[in-house]
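Remarks on the structure that follows.
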Amino acid sequence: MQNESTIAAAEIPVSESAKRTEMIHEDTTAKLFLLSSVTYFFIVGIIALLIAAKFVMPSFLGTIPQLTYGRLRPLHVNGMLFGWLLACDMALMYYVVPRLCGVKLWSEKLGIATGVLWNVIILSAVVSFLMGWNQGWEYAELPLILDVGVVLAWVMFGANVFMTIANRKYQAMYVTLWYAMGTILWTAFVYLTGNFATLFTTGVNQANLNWMYVHNAVGLIFTPVGLAIAYYFIPKASNTPLYSHKLSMIGFWSLAFVYVWTGAHHMLHGPISQWLQTITIVFSVMLLIPVWAAVYNFFATMKGQWHQLRDNVSLKFLMSGVVFYLLTCFQGPMHSLHVVNAIVSKTDWIPGHAHMAVLGAFSFFAIAGTYYALPRLFNTELYSDALANWSFWLLLIGGLGFFVTLWLGGFWQGWQWNNPAIPFIDTVVALQPVWAVRLGSGFLMFGGIVAFGYNVLATVLGAKGSGVEANPAEVAA
Amino acid sequence: MLQKADYNAAFFVAAALGLFFIGGLLTTVVPPLIDSSWSKPFENSDPANGPVGKLRQLNEQELQGRAIYVREGCWYCHTQQVRTILADTKRYGWRGVDAPISTPDEFVYDSPHMFGTKRTGPDLARVGGKYNDQWHRAHFRNPADLVPGSIMPPFPWIANNEAEFKAMVAYLQTLGRAKDWRPDNDYEK
């Protein structure tokens with residue numbers, strides 16, 4: 001294993017300030033993506049509150065067609081997934097990849113064009129969802145023309161990342177780079193399947209492609225890019241080398257192989273071939289391998305370092321994100337078992353599960369990366385550590401309130417559904433308290449988003465101009 | 001062997017895509033080739049094999065109704081699948097007759113598919129013929145008036161637009177009707 005040492009050299013725990021004197025990154029693209037993503041996080045957070053309120057007061061804003069539940073929901077989901085999370089993930093890749101390669105981003109011009117295109121797509125999406133221009137596939141609601149835009153933007157993003165990696169100074173590629181590359185490659189095919197291949201199919205065949213996409217949007221887009229972030233920022237924020245390179249390799253290659261098989265588990269017990277359901281269950285359970293490999297690595301890295309969590313907000317977000325990642329990925333395989341599926345499938349449990357993945361795990365990683373990278377991008381210090389702490393606790397408590405009540409409520413709901421003597425409407429009325437708590441938790445989470453967004457804004461406005469000043473600000477640490 | 005991927009980006013790309021495509025192709029391209037019921041419209045004339053009937057394509061009005069169903073996001077709250085779960089067949093049955101389990105051949109003409117993932121409201125796979133126009137009109141105006149405690153949003157702009165309302169209801173009445181499952185033709189128009 002002669003390479004282990006080489007990798008360690010190229011690997012992150014080189015001190016940031018040392019690197020900075022060595023290399024000045026322009027980072028315009030990263031800033032553009034980062035700031036727009038945080039803006040959408042805030043705006044779409046408001047939409048989230050509106051739809052949560054509609055569960056408690058169904059006629060709230062009910063007579064305005066543009067604001068009906070069925071039009072705001074895709075705005076919420078797509079806005080959070082593509083406007084906030086993916087854009088923030090891309091921002092962090094624009095920040096991380098050049099640093100791990102020891103070179104500048106291949107083309108800032110291309111990057112800026114990508115950022116502009118991305119914003120055009122998101123803003124057009126807002127209009128089209130409010131107008132009800134919806135293709136009718138979950139996660140793939142965007143009208144076709146915008147899908148084409150997304151593909152174009154993705155190719156531009158991919159070209160920039162791959163060219164930067166091709167020009168790299170350090171030969172060995174740290175695990176974050178694999179995940180970045182994996183994300184770009186897999187996403188391309190997953191996205192084409194969910195948004196274009198579906199056009200040529202109908203019925204169950206189309207649903208199967210749709211679920212392949214939906215599942216892998218999380219599994220092969222948000223998971224690998226989220227892990228790319230975690231693998232970079234956990235060692236960075238804690239100033240501790242990654243526990244095991246070999247383990248990260250097992251995690252990566254098993255993820256590459258296993259994830260894509262599991263899309264059909266969204267149709268368990270549904271009108272889809274039995275043998276496909278069986279395959280999907282087997283592979284869903286195998287997902288535990290890549291998950292455990294990554295989580296073990298993160299925990300082992302933190303061994304003896306946990307005290308750092310006390311006053312390091314990035315690490316707080318990162319490590320609670322890891323715990324949520326583990327929990328979500330334990331739930332997922334369990335849902336695919338027939339007995340469990342027969343209770344929780346189609347209930348409110350599922351949004352509880354989905355939010356833990358996308359908010360609890362991957363958004364926490366993205367927020368952590370933002371808190372770490374932002375001051376470095378703008379060559380300043382974070383506006384307020386106290387406010388950052390508030391954002392953490394509000395998002396954590398609000399998030400937990402949301403997840404846990406929906407699990408309990410969803411389980412109870414599924415239990416009631418399985419007794420056909422209970423009229424459906426009674427199962428709706430029974431969930432009212434659950435939805436009220438969900439709305440309350442939503443307000444807490446939104447408070448966290450506001451604290452986060454304000455901190456970002458104040459940091460940027462107070463920035464001392466991105467000079468080369470040798471101010472190795474030991475921020476966020 | 002995969003250690004090579006640490007240093008060689010081209011090798012990395014090939015391996016990452018190769019592993020992905022094994023599962024990708026086997027679970028998307030292969031299943032419809034193996035399972036013909038995914039593409040063969042339902043047709044049965046022998047009561048011994050379960051409900052008789054024949055899947056037909058929707059007419060223009062029904063398609064327009066379906067488009068409204070897509071536009072308003074009804075599918076975020078309603079599924080269209082009677083699953084292989086006993087409670088599903090009982091709950092969505094009618095006067096003691098179990099609802100037939102949904103089979104792939106009933107959905108061959110569906111695009112976009114409307115199977116759904118979330119049941120905030122009841123499953124609609126067999127709702128065709130359950131209620132008449134009048135019920136639907138009142139329900140779309142304000143569901144909670146008709147079903148106290150309902151959290152289905154009001155859709156006055158459908159109820160008050162004659163063409164849209166007729167189209168919407170025409171579509172809903174087709175749901176699950178390829179299989180003639182209620183005895184004595186006991187359906188609302």
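Count of the stretch A:440-458 residues, restricted to those that are over 19 Å from the mean Cα position of the chain (by Cα), surrounded by 17 or more Cβ atoms within 10 Å (Cβ to Cβ) and among the small types (Gly, Ala, Ser), is 3. Out of the residues in the stretch B:133-183 that are more than 29 Å from residue A:203 (Cα to Cα) and of a type in the set (Asp, Glu), which is surrounded by the fewest Cβ atoms within 10 Å (Cβ to Cβ)? So, considering only residues that are more than 29 Å from residue A:203 (Cα to Cα) and of a type in the set (Asp, Glu), the one surrounded by the fewest Cβ atoms within 10 Å (Cβ to Cβ) is B:162.
Regarding residue A:405, is this residue of a type in the set (Ser, Thr, Tyr), in contact with a helix residue (DSSP H, G or I) (Cβ under 7 Å, 6 or more places away or on another chain) and modelled with pLDDT of 95 or more? Working first, answer last.
Working: of a type in the set (Ser, Thr, Tyr): yes; in contact with a helix residue (DSSP H, G or I) (Cβ under 7 Å, 6 or more places away or on another chain): yes; modelled with pLDDT of 95 or more: yes.
Criteria met by residue A:405.
Here is the figure for the stretch A:328-345: residues that are under 22 Å from the mean Cα position of the chain (by Cα) and surrounded by fewer than 17 Cβ atoms within 10 Å (Cβ to Cβ) total 2.
Is there a residue in the stretch A:102-110 that is closer than 25 Å to residue A:377 by Cα, of a type in the set (Lys, Arg) and part of a helix (DSSP H, G or I)?
Scanning the stretch A:102-110, I find at least one residue that is closer than 25 Å to residue A:377 by Cα, of a type in the set (Lys, Arg) and part of a helix (DSSP H, G or I), so the answer is yes.
Among the candidates A:59, A:107, A:37, A:124, the residue that is in contact (Cβ under 8 Å) with a residue 40 or more places away in the chain, surrounded by fewer than 18 Cβ atoms within 10 Å (Cβ to Cβ) and of a type in the set (Ser, Thr, Tyr) is uniquely A:107. Of the candidates B:96, B:149, the single residue that is modelled with pLDDT under 95, in the same structural domain as residue B:64 (by TED's automatic domain parsing) and of a type in the set (Gly, Ala, Ser) is B:96. Residues that are within 30 Å of residue B:118 (Cα to Cα), within 14 Å of another protein chain (Cβ to nearest Cβ) and either assigned to a helix (DSSP H, G or I) or in contact (Cβ under 8 Å) with a residue 12 or more places away in the chain (or both) do not occur anywhere in the stretch A:152-167. Quick one: count up the residues across the stretch A:207-218 that are within 11 Å of chain B (Cβ to nearest Cβ) and surrounded by fewer than 24 Cβ atoms within 10 Å (Cβ to Cβ). Total meeting the criteria: 1. If only residues of the stretch A:159-193 that are farther than 27 Å from residue A:246 by Cβ and under 18 Å from the mean Cα position of the chain (by Cα) are counted, the one that is surrounded by the most Cβ atoms within 10 Å (Cβ to Cβ) is A:190.
Within the stretch B:7-46, being under 17 Å from residue A:280 (Cβ atoms) and of a type in the set (Phe, Trp, Tyr) holds for B:20, B:38. Here's a check for you: in the stretch B:57-70, which residue that is under 15 Å from the mean Cα position of the chain (by Cα) and charged (D, E, K, R) is nearest to the other protein chains (Cβ to nearest Cβ)? Looking at the filtered set, the residue picked out is B:66. Among the numbered criteria (1) at the interface with chain B (Cβ under 9 Å from one of its Cβ atoms); (2) in a helix (DSSP H, G or I), which single criterion is violated by residue A:171? The failed condition is (2).
How about the stretch B:1-84: which helices (runs of 4 or more DSSP H) wholly inside it have at least 3 residues that are free of Cβ contacts under 8 Å to residues at least 24 places away in the same chain and of a type in the set (Val, Ile, Thr)?
Values: elements: B:9-28, B:30-34, B:60-71.
Passing ranges, in order: B:9-28.
What tally of residues in the stretch A:273-297 results from selecting those that are away from chain B (no Cβ under 14 Å) and either among the small types (Gly, Ala, Ser) or farther than 30 Å from residue B:81 by Cα (or both)? Step through it out loud before you land on a result.
From the stretch A:273-297, those away from chain B (no Cβ under 14 Å) are A:285, A:288, A:291-292, A:294-297; that's our starting set.
Okay, now just the ones that are also either among the small types (Gly, Ala, Ser) or farther than 30 Å from residue B:81 by Cα (or both), so A:291-292, A:294-297.
Total satisfying the criteria: 6.
Of all residues being aromatic (Phe, Trp, Tyr) and more than 25 Å from the chain's Cα centre (by Cα) in the stretch B:10-50, which is farthest from the other protein chains (Cβ to nearest Cβ)? Just the residue, please. This residue is B:11. Residue count for the stretch B:79-113 under the criterion of being surrounded by fewer than 23 Cβ atoms within 10 Å (Cβ to Cβ) and more than 7 Å from chain A (Cβ to nearest Cβ): the result is 12. Here residue A:135 passes the criteria (1) under 23 Å from residue A:360 (Cβ atoms); (2) at the interface with another protein chain (Cβ under 9 Å from one of its Cβ atoms); (3) surrounded by fewer than 24 Cβ atoms within 10 Å (Cβ to Cβ) except the one numbered (1).
The rows are residues; the columns are (1) under 30 Å from residue A:314 (Cα atoms); (2) in contact with a Pro (Cβ under 9 Å, 6 or more places away or on another chain).
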site	(1), (2)
A:72	no, no
A:76	yes, no
A:107	yes, no
A:116	yes, no
A:129	no, yes
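When residue A:300 is tested against the conditions (1) more than 13 Å from chain B (Cβ to nearest Cβ); (2) within 22 Å of the chain's Cα centre (by Cα); (3) of a type in the set (A, V, I, L, M), the lone failure is (2).
The values are calculated or read from the model by the stated rules, or taken from the named source; none is laboratory data. Bear in mind that the values here come from a model prediction, so they are computed numbers and not experimental data. Don't worry about glycine lacking a Cβ; one is built from the backbone with ideal geometry, like all the others, and counts go over all protein chains shown.
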